[in-house]
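The values are calculated or read from the model by the stated rules, or taken from the named source; none is laboratory data. On a predicted model such as this, the values are computed, not experimentally measured, just so you know. Glycine also receives a Cβ, built like all others from the backbone with ideal geometry; neighbour counts cover every protein chain displayed. Please note that ligands, DNA and RNA were not included when accessible areas were found on the heavy atoms of the full protein model with its side chains. Shrake-Rupley method; radii C 1.70, N 1.55, O 1.52, S 1.80 Å.
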Amino acid sequence: HDPKPHIGDKLIEARFAEYPARLFTDHYIVHGKKMKDDLQKLYSINESKISVIPFGGPMSYKNLGMSTHPEIKNTVLFFGRIWKYKGLEYLIKAEPYIRKEIKDIKIVIAGRGEDFSKYQRLIKNKDSFIIKNYLVSENEKMELFQKASVVVLPYLEATQTGIIPHSYLFKKPVIATNVGSFSE
């Protein structure tokens, strides 16, 4: 899933798992070509022992009997783990510049992770933000993606993410940094 730990992940846990994984693994599956290259370089694994299977999202939410919600103009969604590597601070810092062009911008931050108070202190215009700092249910997740105009992933580093296929499932454009296998 991730050939190397993300910024903020616990390195000791990754290193602890590395030895048994190498000892008992005949073949590796990664979710992108960039990840395959990383796995080869980091651990000297032969290319023939690594397969790439793209990371996909859910097939469909349509038949789950869930409500549908109309898109809300100028709504930006940041969804998922809130950790340093996701670059949330840069989205928050960009808000005043975005607001100059789009007066009624709403940035929805949905997810949980590290202490949110450091992000809260960066917010200049509180009325531009909707904060959902908790584990979002599947129903609420579907609602958030349906209401969003665009999904933003300002990651500092990454391998892949399920947020992109989720966004595409709901026909939402994605603005993302070019990290990991995002461009694939």
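The set of residues from segment 62-113 being open to solvent by 90 Å² or more (accessible area, probe 1.4 Å), part of a helix (DSSP H, G or I) and not hydrophobic (A, V, I, L, M, F, W, C) comprises 62, 63, 84, 90, 93, 97, 100, 101. Evaluated against (1) in contact with a Leu (Cβ under 8 Å, 6 or more places away or on another chain); (2) within 15 Å of residue 75 (Cβ to Cβ), residue 164 falls short on exactly one condition, (2). Return the residue satisfying two criteria in turn: it lies in segment 149-165 and is in contact with a strand residue (DSSP E or B) (Cβ under 6 Å, 6 or more places away or on another chain) and closer than 13 Å to residue 90 by Cβ, and of such residues it is most open to solvent (accessible area, probe 1.4 Å). Step by step, filter segment 149-165, then rank; the result is 152.
With respect to residue 125, determine if the residue is out of contact with any His (no Cβ under 7 Å at 6 or more places or on another chain) and open to solvent by 50 Å² or more (accessible area, probe 1.4 Å). No: the conditions fail for residue 125. Taking each residue of segment 161-175 that is over 17 Å from residue 86 (Cα atoms) and looking for partners that are hydrophobic (A, V, I, L, M, F, W, C) with beta-carbon atoms closer than 6 Å, six or more apart or interchain, yields 170/145; 172/148; 172/151; 173/150. The residue that is farthest from the chain's Cα centre (by Cα), counting only those in segment 67-96 that are modelled with pLDDT under 95 and among the small types (Gly, Ala, Ser), is 67. Within segment 128-146, if we keep just the residues that are surrounded by 13 or more Cβ atoms within 10 Å (Cβ to Cβ) and among the aromatic types (Phe, Trp, Tyr), the residue that is modelled with the lowest pLDDT turns out to be 145. Which one is surrounded by the most Cβ atoms within 10 Å (Cβ to Cβ) among residues in segment 171-184 that are at negative phi, over 11 Å from the mean Cα position of the chain (by Cα) and modelled with pLDDT under 90? My answer is 181. Annotation note: Cβ proximity below 7 Å between a residue of segment 25-51 that is over 22 Å from residue 165 (Cβ atoms) and in a helix (DSSP H, G or I) and a residue that is among the acidic types (Asp, Glu) and open to solvent by 90 Å² or more (accessible area, probe 1.4 Å) (sequence gap 6+ or interchain) occurs for 40/47.
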